[in-house]
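What follows is a short report on a single structure.
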């Protein structure tokens, strides 16, 4: 099989699902990686106004976008699941049920399987500039 055929045989990024271990309290989740378009969209949505100090960037919003859109099991976007828990949207649920560090850890693991890897804070700083 040629390299091109091998490459074409790879599954689409949107079809890849991986399991990550979060911590003892939360256990494991099934997650899907970000596409390049999603990554760029999240950066754009979290980038604030330009100031003398640089660009404001909402890290919390960025992490919530990643977690709410890329954790597939449990499915935080399931309306029935959210209603049973007393919430109307995934972000409110995640903010109420997860510790701040857990949200960041999950987002970093999703970024890593998305090929972003390394320190996500460094990537955000690059995006600001």
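Miscellaneous remarks
- No other residue among 23, 36 is over 16 Å from the mean Cα position of the chain (by Cα) and under 16 Å from residue 108 (Cα atoms) apart from 23.
- Selection from the stretch 25-45 of residues that are in a helix (DSSP H, G or I) and either in contact (Cβ under 8 Å) with a residue 60 or more places away in the chain or more than 19 Å from residue 62 (Cα to Cα) (or both): 39, 43
- Some residue of the stretch 75-88 being exposed (fewer than 14 other Cβ atoms within 10 Å of the Cβ) and either modelled with pLDDT of 95 or more or in contact with a strand residue (DSSP E or B) (Cβ under 7 Å, 6 or more places away or on another chain) (or both): no
- Restricting the stretch 1-24 to residues that are outside any helix (DSSP H, G or I) and in contact (Cβ under 8 Å) with a residue 12 or more places away in the chain, the residue that is farthest from residue 75 (Cα to Cα): 23
- Selection status of residue 99, surrounded by 10 or more Cβ atoms within 10 Å (Cβ to Cβ) and free of Cβ contacts under 8 Å to residues at least 24 places away in the same chain: yes
The values are calculated or read from the model by the stated rules, or taken from the named source; none is laboratory data. For clarity, every value in this text was computed on a predicted model and none was experimentally measured. Please note: Cβ atoms are built from the backbone with ideal geometry, for glycine as well, and neighbour counts cover all protein chains shown.
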